[in-house]
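Enquirer: Mind having a look at this structure? Questions to follow.
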Amino acid sequence: MSSAIKVSNLTKKYGRITALQNVSLEVKEGEFFGLLGPNGAGKTTLIRIMTGLSTPSSGEVLVAGHNPFHEPVKVKRRFGLVPEISNIYVDLTAWENLMFTGKLYSVPKKEREERALRLLEIFGLKKRRFSSVRQFSKGMRRKLAIAMALIHNPQILFLDEPTSGLDVQSSKMIREILRKLNEEGTTIFLTTHYIEEAEKLCHRVAILNHGKIVAQGAVEDLKDSIKMSEIIEVTFSTPISYPSELEDYCDKIIQLKENVIRLYSSNVTQSMSVIIDFVQKNSLEIVAVKTVKPTLEDVFVKYTGLDIVTVERMEQIRPKGGRG
Amino acid sequence: MNLKETGEEILKVWTIIEKDIKTYYLKSPSIFFGIVFPLILYLSFSIGRPCITEAHRLTGVVTIASLFGATSVEAVVFPLERKSRTMDRLLVAPLHPWALLLGKAISGALFGFLVALVVGGILMSIGSLWRWTGLIPGIKLEPASFLVSVLLTAIMSSSLGTVFSVQAKDVTEAMWQLNVVRFLMIFLSGVFIPLEETYAFMPSAQIIAYFLPLTYSVEALMQATFGIVHPQRLLLDFLCLIFFSIIFFSIAVKIFVKSIR
């Protein structure tokens, strides 16, 4: 399988600030690739460079086998971009927006109209095709932005936080459409800070933190890579203060809630006996104990150094409903 | 670029023009600075400076309608496209930066051309009535020369507007920068007052006027409206306007390409 996207030793500097440092990654044709990272990690900068909207300070980018800075027109025909903010002409109708984009990509009239109708139908916008986009909700605008990125049937689709700020139904619909598109052969490069979204959709992911790729690989491989630490989650009947005395007996402790702690340990038996001692000494009562399988979220926590509470908060910053 | 690709590129340029007409012509800054403001300027010169000849008043208002109309559309289009991030949509489309800018420049030029024709038409009709009463000197309109003069003025103005708007963060920034240039040109290019009068304090300073493109617009329009006396001079005015348009457009493309970082 050949490369759809290849990034080698890419660095981007804005004055003294290094936004991306020696980033290298490869996305195979037909792959669903996710770029994960906290806000400000450099995800949007990377996607802007890959699509020719920004130039790198050093390094090389190949998209569909061509350099977007040396052969921009050739490259641009082959991909579609859905930016984080839906960049649609709000004074035009949905239909006019689609026709405009189709014309920019030299899609013949008949094909353009047929394709636009099909896309509007898929995204549930057909009835509103002659309405001004100004009247559209955020979800409808995002769907239209994706439809516009698909009007020329691109080989590669770049999406920057496609479900950010959307309601549950819209997010779910977009994910389903993306999954189907990928099954039909479109290579998808997605940036997101919703880890669950990446885990559900992506074949492979890369984690970007402070402008550097800190982990990269298949989702299951990345989970296996942190399995040396078992995770024990203990729920107490009453709130407890942070159990610093347990720190010597495990790798890491995170207090998820006032009465819930999560311990990362390489020796579960030893950790359990220490927990029981702790419970007896402090006259506490355990409500539940469970061992947790590592998730992509745990991988993210390990490689970004963020604590899990911050990550969960980061994922919950989503109006109208949370995860879909 | 082969013939097919050139054809496709021209169609894309037209697509941008068509979209800009639908999207930006009726925006309030385009209407105010493109139509209302030149009329206010005309009235202020008509009432405040009765010494100015009707010929200068007429050609002056057509010139500034074209200048303000074309530049204002550019000052609206670029910042709004950047603000709404729709500029990114154009930048990721498979077309050359010069084609993108050409589309934008032509849409501005068309606006300036149309506004100047409407304003000029209205004033000429009124002028004809005045001539009938014997109050002002007559108009000897040369339609083809007049149309070319207005069109070239609009193209030059639009290219100038592109230079100042291509990197502007908002409409206000583009407008104030353009206002400095527009007003300087209006007062130094003999738009409302003949050059001899403008530079009466220091006749040698009149050379400044010949470095300003608007001087050639005024000269061309004067001949096209009130009779061609020096045809070679008119041709030279046209060539100068084309030269300035090419220079301004090339600068705008350079700034634009540099801004993609």
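Enquirer: What chymotrypsin sites (Phe, Trp or Tyr not before Pro) does the stretch A:124-169 have in DSSP loop regions with at most 10 other beta carbons within 10 Å?
Expert: A:Phe130
Enquirer: Same structure, new question: Give a residue-ordered list of calculated ³J(HN,Hα) values for the stretch A:164-178 (Karplus: 6.51 cos²θ - 1.76 cosθ + 1.60, θ = phi - 60°; whole Hz; x for Gly, Pro).
Expert: 4, x, 9, 6, 4, 5, 4, 4, 5, 4, 4, 4, 4, 5, 5
Enquirer: Given R₀ = 56 Å, FRET efficiency for A:Lys28-B:Ala200 by Cβ-Cβ distance, to 0.05?
Expert: 0.15
Enquirer: Just to confirm the number: angle between the C-alpha axis of helix B:213-226 and the first principal axis of chain B, 0 to 90 degrees, nearest 10?
Expert: Relative to chain B, helix B:213-226 is tipped by roughly 50 degrees.
Enquirer: Just to be sure I understand the model, the point goes 7 Å from the Cα along the line to the Cβ. What's the resulting B:Phe32 to A:Ser57 distance in nm?
Expert: 4.1 nm
Enquirer: With r as the distance between the Cβ atoms of B:Ser250 and A:Val168 and R0 = 41 Å, compute the FRET efficiency 1/(1 + (r/R0)^6) and round to 0.05.
Expert: So the FRET efficiency works out to roughly 0.20.
Enquirer: How much length would be gained if the chain were fully extended between B:Ser125 and B:Trp14, taking 0.36 nm per residue of separation minus their Cα-Cα distance, in nm to one decimal?
Expert: Extra length from B:Ser125 to B:Trp14 when fully extended: 36.6 nm.
Enquirer: If you stretched the chain out fully between B:Ala144 and B:Val180, how much longer would it get, using 0.36 nm times the residue separation minus the C-alpha to C-alpha distance?
Expert: Result for the pair: 9.8 nm of gain on full extension.
Enquirer: Taking one equal scatterer on every alpha-carbon of the protein assembly as shown, how large is log10 of I(q)/I(0) by Debye at q = 0.06, 0.10 1/Å?
Expert: Here log10 of I(q) over I(0) equals -0.45, -0.91.
Enquirer: Could you work out how far apart the two model spin labels at B:Leu236 and A:Ser2 are, taking each label as a point 7 Å from the Cα in the direction of the beta carbon, and quote it in nm?
Expert: My value for the distance between the label points is 6.0 nm.
Enquirer: When all C-alpha to C-alpha distances in the stretch A:3-224 are sorted into bins of 5 Å, what percent of pairs does each bin hold, rounded to whole numbers?
Expert: For the stretch A:3-224, the pair-distance distribution reads 1, 7, 15, 19, 20, 16, 12, 7, 3, 1, 0.
Enquirer: Ok, one more. Please find, in a Gaussian network model of chain A (springs between Cα atoms separated by less than 10 Å), the residue of A:Pro108, A:Pro56, A:Pro68 whose mean-square fluctuation is greatest.
Expert: A:Pro108
Enquirer: Going by amide H atoms built from the backbone, whose H comes under 5 Å of the H on B:Ile260, apart from near neighbours?
Expert: Sorted by chain and number, the residues that satisfy this come to none at all.
Enquirer: If you average 1/r across every pair of different Cα atoms in the stretch A:229-293 and take the reciprocal, what Kirkwood value do you get, in Å?
Expert: Its Kirkwood hydrodynamic radius stands at 11.6 Å.
Enquirer: Restricting to the protein assembly as shown, compute how many DSSP beta bridges are antiparallel as a %, nearest 5.
Expert: Counting only bridges with both partners in the protein assembly as shown, antiparallel ones make up about 65 percent.
Enquirer: Residue separation times 0.36 nm, minus the C-alpha to C-alpha distance between A:Glu220 and A:Asn67: what's the value?
Expert: That pair, A:Glu220 and A:Asn67, stretches by 51.9 nm at full extension.
Enquirer: Hand me the GluC sites (Glu not before Pro) from the stretch A:163-213 located in a DSSP loop with no more than 11 other Cβ atoms within 10 Å, in residue order please.
Expert: A:Glu184
Enquirer: Ok, one more. Which whole number in µm²/s is D for chain B by Stokes-Einstein, with the Kirkwood Rh taken over Cα pairs at 4 °C and 1.567 mPa s?
Expert: Value of D from the Cα-based Kirkwood radius: 69 µm²/s.
Enquirer: Considering only chain A, what is the antiparallel percent among its DSSP beta bridges, to the nearest 5?
Expert: Antiparallel: roughly 70 percent of the beta bridges in chain A.
Enquirer: Right, another one. If I fit a long axis through the Cα atoms of helix B:97-132 and take the longest principal axis of the Cα atoms of chain B, what angle between them do I get, 0 to 90°, rounded to 10?
Expert: Around 20 degrees separate the two axes.
Enquirer: Against the longest alpha carbon principal axis of chain A, how many degrees, from 0 to 90 and to the nearest 10, is the axis of helix A:138-150 turned?
Expert: It works out to around 60 degrees.
Enquirer: Another one. From the phi angles alone, apply the Karplus equation (6.51, -1.76, 1.60; θ = phi - 60°) to the stretch A:8-16 and give each ³J(HN,Hα) in whole Hz, x where the residue is Gly or Pro.
Expert: 10, 6, 7, 10, 10, 10, 10, x, 8
Enquirer: Just to verify a number: FRET efficiency for A:Asp248 and B:Lys169, C-beta to C-beta distance, R0 = 35 Å, to 0.05?
Expert: Plugging the Cβ-Cβ distance into 1/(1 + (r/R0)^6) gives 0.05.
Bear in mind that the values in this text are calculations on the coordinates, not laboratory data. Being a predicted model, the structure only gives us computed values, none of them experimental. No Cβ is skipped: glycine too gets one built from the backbone with ideal geometry, and neighbour counts run over all protein chains shown.
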